[in-house]
1. Need pairs with beta-carbon distance below 8 Å; first residue in contact (Cβ under 8 Å) with a residue 12 or more places away in the chain and within region 75-95, second open to solvent by 60 Å² or more (accessible area, probe 1.4 Å) and of a type outside the set (S, T, Y); sequence gap 6+ or separate chains.
2. Does region 258-275 include one or more residues that are touching a strand residue (DSSP E or B) at 6+ places or on another chain (Cβ under 7 Å), of a type in the set (S, T, N, Q) and surrounded by 14 or more Cβ atoms within 10 Å (Cβ to Cβ)?
3. For region 24-59, give me each residue that is closer than 30 Å to R4 by Cβ and outside any helix (DSSP H, G or I).
4. Evaluate the following for L321: is it among the hydrophobic types (A, V, I, L, M, F, W, C), more than 30 Å from Q24 (Cα to Cα), open to solvent by less than 20 Å² (accessible area, probe 1.4 Å) and under 20 Å from the mean Cα position of the chain (by Cα)?
5. Among the listed residues L318, L246, which satisfies the condition of being closer than 30 Å to C18 by Cβ and in contact with a strand residue (DSSP E or B) (Cβ under 9 Å, 6 or more places away or on another chain)?
6. For region 4-23, how many residues meet the condition of being within 24 Å of F152 (Cβ to Cβ) and either part of a loop (DSSP other than H, G, I, E, B) or out of contact with any Ser or Thr (no Cβ under 9 Å at 6 or more places or on another chain) (or both)?
7. Condition first: out of contact with any helix residue (DSSP H, G or I) (no Cβ under 7 Å at 6 or more places or on another chain), open to solvent by less than 10 Å² (accessible area, probe 1.4 Å) and free of Cβ contacts under 8 Å to residues at least 60 places away in the same chain. Now tell me which residues in region 231-257 satisfy that.
8. Return the residue satisfying two criteria in turn: it lies in region 358-393 and is touching a helix residue (DSSP H, G or I) at 6+ places or on another chain (Cβ under 7 Å) and modelled with pLDDT under 95, and of such residues it is surrounded by the most Cβ atoms within 10 Å (Cβ to Cβ).
Amino acid sequence: MLYRRFGRTELQMPIFSCGGMRYQFKWQDVPQAEVPSDNQANLEATIHRALAVGINHIETARGYGSSEMQLGQVLPTLPREKLIVQTKVTPKANPKDFEYEFEKSLGYLNLDYVDLLSIHGINHRETFEQTMSAGGCLDVAQKLQAQGKVRFIGFSTHGACDIIINTIETNQFDYVNLHWYYINQNNWRAIEAATRHDMGVFIISPSDKGGKLYSPPPKLVELCKPLSPMVFNDLFCLSHSQVHTLSIGAAKASDFDEHLQVLDLLNNADEILPPILTKLEQELINLCGEDWAKTWHVNLPTYEQTPGNINIHVILWLRNLALTYDMLDYAKMRYNLLGNGSHWFPGNKSDRLQEIDLRQCLSQSPHADKIPQILAEAHQLLAGETVQRLSSS
């Protein structure tokens, strides 16, 4: 395993982390007695495999159902000083509720302290204020830190880049969990801000939200050769020294194996990546035209600025992925979460265009004249059954 300094925490962080949202029994709290023995055995085998390959960062959340409780059956049997344990708790309007949820996490984990506590989901102004206001959730987290129950405090986010940067610029956090990978590089400015503040940088879900890369379409497989799409994406992320660790949401012990191929490739990333990047970029130009490929995102309104809260940027992005790389299943999954993802995946689909005039909000876009028709076509391509978030936290 390779390790990187996790910003000002000074922790030596493995470049892969064992994320805890795929191996648990249920997305709700249940008594341990209800957890099937084979499920618990699988979770424990996954943790032991992680440690065997040097992945000593175990990451979970209060919102991951039975994950914390099941981890609490195995973590106390392991050498505590060798583990980096992280959990996450969502901000609350009442900070006492935040403290209550953290204490529940600590009890389920069966530990005296966690190394890393993330305030989970600073995604918009409301959650920012709940965290940063006097006496708010950050103050509670700092009290827990003073009590020795938390070593370092960070935040996780699915929010827009500007809200992430605003949170980073408070200089109150030791690390950040955020989305950034090949198909979605919007948060690079936030990573640069985190680097300026010497914060640890943890990449959320690079293989799932990063494109369902554990089941890639054949076209994407071909374009990423000689690497698999998953290994390419890992290498792309880790070739940037500002990135410290990638979450592997392992469902079983063997899920680490493909990722581990990256360890022997990192020193040659500058030679391996450019030909693949060229193929991927050229394919977008071939399918969508050079002008669109280079400028489709320019001066698009936010969903808050758009009538009907249509998330134009996300819809056009998903359509590009579906048409260019045959990532239709991924695009459909994400598109049909719109309208039902709250602040974790905000905005609406483009299913009511006939009722909405987009001319004013698109007035600065170089593609204003054709975007409404493209949005209509995207809806026809991607519409399907409504998708629910896995966790309601």
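The values are calculated or read from the model by the stated rules, or taken from the named source; none is laboratory data. Just so it is clear, the model here is predicted, and its values are computed rather than measured. Heads up, the Cβs are rebuilt from the backbone with ideal geometry, glycines too, and the neighbour counts pull from every protein chain shown. Just so you know, the surface numbers come from the protein's heavy atoms only, side chains and all, with ligands and any DNA or RNA stripped out. Shrake-Rupley method; radii C 1.70, N 1.55, O 1.52, S 1.80 Å.
1. Within 8 Å, the pairs are L75/N110; P76/N110; P95/D139.
2. Within region 258-275 (the criterion being touching a strand residue (DSSP E or B) at 6+ places or on another chain (Cβ under 7 Å), of a type in the set (S, T, N, Q) and surrounded by 14 or more Cβ atoms within 10 Å (Cβ to Cβ)), the answer is no, since none of the residues qualifies.
3. Result: Q24, V53, G54, I55, N56, H57, I58, E59.
4. yes
5. It is L246.
6. Counting residues in region 4-23 that are within 24 Å of F152 (Cβ to Cβ) and either part of a loop (DSSP other than H, G, I, E, B) or out of contact with any Ser or Thr (no Cβ under 9 Å at 6 or more places or on another chain) (or both) gives 10.
7. The answer is N233, C237.
8. This residue is V387.
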